[in-house]
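Peer 1: Below you'll find the structure I mean.
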Amino acid sequence: MKIYLATNNKNKKKEMVELLPNHLIVIPSDEGIEFNPEETGTTFYENSLIKAKALYDIVHYPVIADDSGICVDALGGSPGIYSSRYAGPKYPRGKKNGTKISQEEQNIFLIQELNDAIKKGNLPKAPYLNGHRSCHYTCAMVLYAGPDRIFIAQETFEGTLIDDIKNQAGTGGFGYDPIVFLPQNGKTVAQISAVEKNAISHRGKAVRAIKGIIDKL
């Protein structure tokens, strides 16, 4: 079945193709569709629903949308929904002019911000599953099959943030993956294979949660 994916991120498309091999996954840019909805939600779910509805209103076909990001427990869950726009402690929700910094700069800033927070010791109460460097990815995924047929799955993927950008490792994955260490694997997310990542990642778990519904559409 043909399913539209509400993103122009080719890395996300690649992961979704791997996770749903029996379906044709299409992103807007594949068909020359201009797609850049304003994400005004305050939660991952709200933003994923905004994207799903916006694309469905154009294509009138089943749409999958996800909103995901990295949440650092000692930073109160920041950058969270602002992960793609994060521009350091001065601009945790992104720069006002909308310009973005490179992923490498984002990685450096996030490590520095966490190091400073730990050094100051004024940390929020949180379920630090892996100590004060604990973090997790969150993915809220919406399957939008029509205005009255909406399905949602939200999942997490736990790890720890490395303490120095010099320790980043791996060439797989994308985004913050080189700086998120998985204690159970002894590797960063960027060092594990795509198969391993899809088995335990936030997006992989969310897809499996709604796969049964997708297969019945």
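Peer 1: Which of the residues that make up the range 51-84 are on the phi > 0 side of the Ramachandran plot and open to solvent by 10 Å² or more (accessible area, probe 1.4 Å)?
Peer 2: His60, Gly76, Gly77
Peer 1: For the range 164-217: of the residues being modelled with pLDDT of 90 or more and acidic (Asp, Glu), which is nearest to Ser78 (Cα to Cα)?
Peer 2: Here the residue is Asp177.
Peer 1: Looking at the range 116-217, what strands (runs of 3 or more DSSP E) fall wholly within it and have at least 3 residues that are touching a Phe, Trp or Tyr at 6+ places or on another chain (Cβ under 8 Å)?
Peer 2: 134-146, 149-161
Peer 1: So Leu110 fits all but one of (1) touching a Ser or Thr at 6+ places or on another chain (Cβ under 7 Å); (2) over 30 Å from Lys216 (Cβ atoms); what number is the exception?
Peer 2: Here Leu110 meets the rest and fails (1).
Peer 1: How do the pairs read when you match residues in the range 21-50 that are surrounded by 10 or more Cβ atoms within 10 Å (Cβ to Cβ) with residues anywhere that are among the aromatic types (Phe, Trp, Tyr), using Cβ under 6 Å and keeping only pairs 6 or more apart or on different chains?
Peer 2: As it stands, the answer is Val26/Tyr4; Pro28/Phe35, since those pairs meet every condition given.
Peer 1: Which ones in the range 71-106 are polar (S, T, N, Q) and assigned to a strand (DSSP E or B)?
Peer 2: Ser78 - this is the single residue of the range 71-106 that is polar (S, T, N, Q) and assigned to a strand (DSSP E or B).
Peer 1: Looking at (1) more than 21 Å from Ala65 (Cα to Cα); (2) under 18 Å from the mean Cα position of the chain (by Cα); (3) open to solvent by less than 50 Å² (accessible area, probe 1.4 Å), find the lone condition where Arg203 falls short.
Peer 2: (1)
Peer 1: Still on this structure, please answer the following. State yes or no: is Glu113 open to solvent by 50 Å² or more (accessible area, probe 1.4 Å), under 19 Å from Asn167 (Cβ atoms), in contact (Cβ under 8 Å) with a residue 12 or more places away in the chain and in a helix (DSSP H, G or I)?
Peer 2: Judged against the criteria, Glu113 is not a match.
Peer 1: Right, here's the next one. For the range 157-191: of the residues being farther than 14 Å from Cys135 by Cβ and of a type in the set (Val, Ile, Thr), which is surrounded by the most Cβ atoms within 10 Å (Cβ to Cβ)?
Peer 2: Across the range 157-191, the extreme among qualifying residues is Ile165.
Peer 1: If you scan the range 1-20, which residues turn out to be open to solvent by 40 Å² or more (accessible area, probe 1.4 Å) and within 17 Å of the chain's Cα centre (by Cα)?
Peer 2: Listed by number, the residues that qualify are Asn8, Asn9, Lys10, Asn11, Lys13, Lys14, Val17, Glu18.
The values are calculated or read from the model by the stated rules, or taken from the named source; none is laboratory data. This one's a predicted model, so the numbers in the text were calculated from it and none came from an experiment. Virtual Cβ from ideal backbone geometry, glycine too; neighbours counted across all protein chains shown. Ligands, DNA and RNA are stripped out before the accessible areas are found, and what is left, the full protein with its side chains, is counted by its heavy atoms. Shrake-Rupley method; radii C 1.70, N 1.55, O 1.52, S 1.80 Å.
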